[in-house]
Amino acid sequence: MPHVVIIGGGFGGLYAAKALSGHAKVTLIDRRNFHLFQPLLYQVATGSLSPGEIAAPLRSLLRGYRDTFVLLDQAVGLDAQNRSVVLARQGPIGYTHLIVATGASNHYFGHDDWKAIAPGLKSIEDATAMRHKILDAFEAAEREPDPQVRRAWLTFVVVGAGPTGVELAGALAEIARDTLRRDFRHFRSEDAQILLFDGSPHVLPTYPEDLSEQAARQLIRLGVRPRTRVQVTAMDSEGLTLRTPDGEQRLVTRTVLWAAGVQPSAFGRVLAERAGAKLDRQGRVMVAPDLSIPGHPEIFVIGDLAYLEQDGKPLPGVAPVAMQQGRYVAGLIRAQAEERTIPAFRYRDKGSLAVIGRAAGVADFGRLHFHGWPAWMLWLFVHLMYLAQFRNRVLVFIRWGFQYLSFDRGARLITGD
């Protein structure tokens, strides 16, 4: 049987491991012992859910796959000629096929010092740090006697108006307007100002223009103020410098949240140095139509780290792409073992959803566009079904139901330093 080593237990790696069961020995390597459902990280950051409700132990998920092994370690190097992966904690591990699904991290466009001021949202640690920052701002406003300084604490800025930024801004508005409305004595939480910035002409810039406009209207109804064609040029602990169509502006704020971009994992550079892979300008690995690296048909790259064009456009870095790529590579390895051939990978776009707030969302299914309550309900159903464990689906369903009835967010904990 082939020995397939998979680096990364995200959507692509997990789906590949499951699809290979019974057809290969599989070793799944991840530096975390859990699979994380990243699309719901913003709900951890805003107190709707707890980390354990959107994560599941990898060993538990793969318990029934007897020829699949989970290794808690980090891949730090590669010997492509001898087909082995160099690990941080133990000796190299050999493979017949290698699947790299190491994902992406927050990207600050050359301003890594901004990370300490504006937390991103790619890990559980990011989400709890962001939750700390949000809730601590309200606590600081409660202590602050100076109205001007209090206003700075109650000015929340979300940088980046893609799906994550839109969902985060909407949740912040609901926290201020509903959840915390009666919790403080020295100010009205409803007076918090929620600003959403993006350099493109529309919020949700990858969506059709009619849905972008609908999303903006729903955000405004919630109390969010979206501002487009705005770029952040400088940042410190007391505010932002912005480049706007009207010139440079200074905004005083103590709470900035980052949703403006991601960058591929550093393992792409390892593949470039050790296997001759070519990288695009962002650092993604340029793969062949079968998702392999040219010159190394036994090495596959999937998910956010892979660059592949389809119909003249690069595939987006979203979970459905990674899932389909994981299944495809598993099927290709099985076909090769049986001396069969299969067509090149082709992504089947089943549509896009973004939630904005309570009974507010947008849905893009090609020619079919809709918004509001139907889009919100469909978003809830799809995200529940994609959660890895049945237990998590039940817990999240109960949480959402209780929150809908009570407006309460029960995971409003300030943790960490």
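The values are calculated or read from the model by the stated rules, or taken from the named source; none is laboratory data. Keep in mind that this is a model prediction, so the values were computed, not measured. Note that each Cβ is placed from the backbone with ideal geometry, even for glycine, and that neighbours are counted across all protein chains shown.
Under 9 Å by Cβ, and 6 or more places apart or on different chains, what pairs join a residue from segment 380-407 that is farther than 21 Å from Arg59 by Cβ with one that is among the hydroxyl-bearing types (Ser, Thr, Tyr) and part of a helix (DSSP H, G or I)?
Gln403/Thr179; Phe407/Thr179
Go through (1) surrounded by fewer than 19 Cβ atoms within 10 Å (Cβ to Cβ); (2) in contact (Cβ under 8 Å) with a residue 60 or more places away in the chain; (3) outside any helix (DSSP H, G or I) and name the single condition His132 misses.
Among (1) surrounded by fewer than 19 Cβ atoms within 10 Å (Cβ to Cβ); (2) in contact (Cβ under 8 Å) with a residue 60 or more places away in the chain; (3) outside any helix (DSSP H, G or I), the lone unmet condition for His132 is (3).
On the given criteria, is His371 over 22 Å from Lys18 (Cβ atoms) and not assigned by TED's automatic domain parsing to the domain that holds Glu167? Write out each step before concluding.
On the way: over 22 Å from Lys18 (Cβ atoms): yes; not assigned by TED's automatic domain parsing to the domain that holds Glu167: yes.
So His371 fits the description; yes.
Look at segment 262-304 and say how many of its residues are more than 19 Å from Gly9 (Cβ to Cβ) and in a loop (DSSP other than H, G, I, E, B).
Result for segment 262-304: 14.
Rundown of residues vs (1) touching a strand residue (DSSP E or B) at 6+ places or on another chain (Cβ under 6 Å); (2) modelled with pLDDT under 95; (3) within 23 Å of Gly416 (Cα to Cα); (4) surrounded by fewer than 22 Cβ atoms within 10 Å (Cβ to Cβ), yes/no style:
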| residue | (1), (2), (3), (4) |
| --- | --- |
| Gly9 | yes, no, no, no |
| Val26 | yes, no, no, no |
| Gly64 | no, yes, no, yes |
| Asp67 | yes, yes, no, yes |
| Val85 | yes, no, no, no |
| Gly94 | yes, no, no, yes |
| Gly110 | no, yes, no, yes |
| Asp113 | no, yes, yes, yes |
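Output the residues belonging to segment 357-372 that are among the aliphatic types (A, V, I, L, M) and touching a strand residue (DSSP E or B) at 6+ places or on another chain (Cβ under 7 Å). Working first, answer last.
Residues of segment 357-372 among the aliphatic types (A, V, I, L, M): 359-360, 362-363, 368.
Val362, Ala363, listed by residue number.
Tally time: how many residues in segment 24-69 are of a type in the set (A, V, I, L, M, F, W, C), part of a loop (DSSP other than H, G, I, E, B) and closer than 21 Å to Ala259 by Cα?
3
Take Thr155 and decide whether it is touching a Phe, Trp or Tyr at 6+ places or on another chain (Cβ under 8 Å) and either of a type in the set (S, T, N, Q) or surrounded by fewer than 19 Cβ atoms within 10 Å (Cβ to Cβ) (or both).
Details: touching a Phe, Trp or Tyr at 6+ places or on another chain (Cβ under 8 Å): no; either of a type in the set (S, T, N, Q) or surrounded by fewer than 19 Cβ atoms within 10 Å (Cβ to Cβ) (or both): yes.
So Thr155 fails the test.
What are the residue pairs meeting all of these: first residue in segment 242-254, first residue without any contact (Cβ under 8 Å) to a residue 12 or more places away in the chain, second residue surrounded by 13 or more Cβ atoms within 10 Å (Cβ to Cβ), Cβ atoms under 7 Å, and 6 or more apart or on different chains?
Every condition considered, the pairs that remain are Gln249/Leu242; Arg250/Gly239; Arg250/Thr241.
Among Gly317, Gly283, Gly312, which is the only one that is surrounded by fewer than 16 Cβ atoms within 10 Å (Cβ to Cβ), at pLDDT below 95 and not polar (S, T, N, Q)? Please lay out each step first, then the result.
Numbers: Gly317 fails: surrounded by fewer than 16 Cβ atoms within 10 Å (Cβ to Cβ); Gly283 fails: surrounded by fewer than 16 Cβ atoms within 10 Å (Cβ to Cβ).
One residue alone meets the criteria, Gly312.
Scan segment 165-181 for residues that are under 17 Å from Lys122 (Cα atoms) and surrounded by fewer than 24 Cβ atoms within 10 Å (Cβ to Cβ) and report the count.
Total satisfying the criteria: 0.
Which strands (runs of 3 or more DSSP E) does segment 176-261 wholly contain that include 3 or more residues that are within 30 Å of Arg367 (Cβ to Cβ) and modelled with pLDDT of 95 or more?
On the way: elements: 193-198, 224-228, 231-236, 239-244, 247-252, 255-258.
Those strands (runs of 3 or more DSSP E) span 224-228.
Would you point out the residue of segment 390-410, among those that are buried (at least 17 other Cβ atoms within 10 Å of the Cβ) and not basic (Lys, Arg), that is modelled with the lowest pLDDT?
That would be Gln403.
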